[in-house]
1. Take segment B:112-132 and flag every residue that is within 8 Å of another protein chain (Cβ to nearest Cβ) and either surrounded by fewer than 17 Cβ atoms within 10 Å (Cβ to Cβ) or more than 19 Å from B:Leu22 (Cα to Cα) (or both).
2. When you check B:Lys77 against the structure, is it charged (D, E, K, R) and touching a Gly at 6+ places or on another chain (Cβ under 7 Å), yes or no?
3. What are the residue pairs meeting all of these: first residue in segment B:78-102, first residue closer than 26 Å to B:Ile154 by Cβ, second residue acidic (Asp, Glu) and at pLDDT 95 or above, Cβ atoms under 7 Å, and 6 or more apart or on different chains?
4. When you scan segment B:80-100, do you find a residue that is among the polar types (S, T, N, Q), surrounded by 12 or more Cβ atoms within 10 Å (Cβ to Cβ) and more than 20 Å from the chain's Cα centre (by Cα), even just one?
5. Assess whether B:Trp100 counts as being more than 14 Å from chain A (Cβ to nearest Cβ), in contact with a helix residue (DSSP H, G or I) (Cβ under 7 Å, 6 or more places away or on another chain) and not in a loop (DSSP other than H, G, I, E, B).
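The values are calculated or read from the model by the stated rules, or taken from the named source; none is laboratory data. Predicted, not measured: the structure shown is a model, and the values here were computed from it. Glycine gets a Cβ as well: all are built from the backbone with ideal geometry, and neighbour counts include every protein chain shown.
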Amino acid sequence: MALETKTPFPSTNPVVSRTLSAFELLFGAFIVIGHNVFHIVPNEVSAHSS
Amino acid sequence: MIGHNVFRIVPNEVIILSILGLASIWLRDGRLSSMGFKRPVSWRRIFVIALVAAGVRIVLGQFVIEPITGFFWAAPKAPELANEIAGNAKIALFALLLVWTFAAFGEEIAYRGYLLTRAADIGKRSTTAYWIGIVFVSILFGYGHYYKGPSGIIDSGIAGVILGAAYMLGGRNLWACILTHGFIDTFAVIDAFFGWST
């Protein structure tokens, strides 16, 4: 039961750090929903062909 | 690219999120242990948690979630590769390779390792913050399997909660949910190979 559960907090400025984390989470949600539901996040980089 | 577009088997957003996540954790936290990538004190405990969690997910999916969602929607749509696994050892082994790389490692780094950690950051990484984060990230995880249809989204969302619970029970250790995910999908490949489920 003696597992390591402590995790470091990423910044000395908690407000900035938490705001950045919220932004990252929302951006991640945008990628997931955008790719899978709305198909607006491109699948991969591809060259245009004529 | 070939895997994603031709075989429709590589969940592309997972790669993007995994790379973003590893970079973010490395740059902001300085060490990957922040996302749970750390050696557990007891591998045996992690294995037991993973086996139990995988069992719960399989039984729950088969005997509770699918029958209930089946009242409202069609059964979850399987990935296209799954239809070719039956009796084909070569495809089954290839599926296992994908399961343990893109699914077990990739999805767990992306969803539990990265997004859950960032969700928990918002609540100062308290236990409550992690559990609220698990609910939010599990909804995303469900929509990450949008191609499976409504019942598949719910099924995957609940799987996300179980994977998140394994992560927490393992002491916020990513190996617990990586192994859980690997066991679940390995069972699915074996199931498809022998044709146990229709």
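1. The one that is within 8 Å of another protein chain (Cβ to nearest Cβ) and either surrounded by fewer than 17 Cβ atoms within 10 Å (Cβ to Cβ) or more than 19 Å from B:Leu22 (Cα to Cα) (or both): B:Lys124.
2. yes
3. Taking only residues 6 or more apart or on different chains, the pairs are B:Val99/B:Asp185.
4. Within segment B:80-100, one or more residues are among the polar types (S, T, N, Q), surrounded by 12 or more Cβ atoms within 10 Å (Cβ to Cβ) and more than 20 Å from the chain's Cα centre (by Cα).
5. The answer is yes for B:Trp100.
Yes/no matrix, rows are residues, columns are (1) of a type in the set (Val, Ile, Thr); (2) in a helix (DSSP H, G or I); (3) touching a helix residue (DSSP H, G or I) at 6+ places or on another chain (Cβ under 7 Å); (4) within 9 Å of chain A (Cβ to nearest Cβ):
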{"position": "B:Arg28", "(1), (2), (3), (4)": "no, yes, no, yes"}
{"position": "B:Ser33", "(1), (2), (3), (4)": "no, yes, no, yes"}
{"position": "B:Arg45", "(1), (2), (3), (4)": "no, yes, no, yes"}
{"position": "B:Leu51", "(1), (2), (3), (4)": "no, yes, yes, no"}
{"position": "B:Ile58", "(1), (2), (3), (4)": "yes, yes, yes, no"}
{"position": "B:Phe63", "(1), (2), (3), (4)": "no, yes, no, no"}
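Residue by residue, here is whether (1) at pLDDT 95 or above; (2) within 12 Å of chain A (Cβ to nearest Cβ) holds:
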{"position": "B:Ala110", "(1), (2)": "yes, yes"}
{"position": "B:Ile134", "(1), (2)": "yes, no"}
{"position": "B:Gly142", "(1), (2)": "yes, yes"}
{"position": "B:His145", "(1), (2)": "no, yes"}
{"position": "B:Gly164", "(1), (2)": "yes, no"}
{"position": "B:Met168", "(1), (2)": "yes, yes"}
{"position": "B:Arg172", "(1), (2)": "yes, yes"}
{"position": "B:Leu179", "(1), (2)": "yes, no"}
{"position": "B:Ile190", "(1), (2)": "yes, no"}
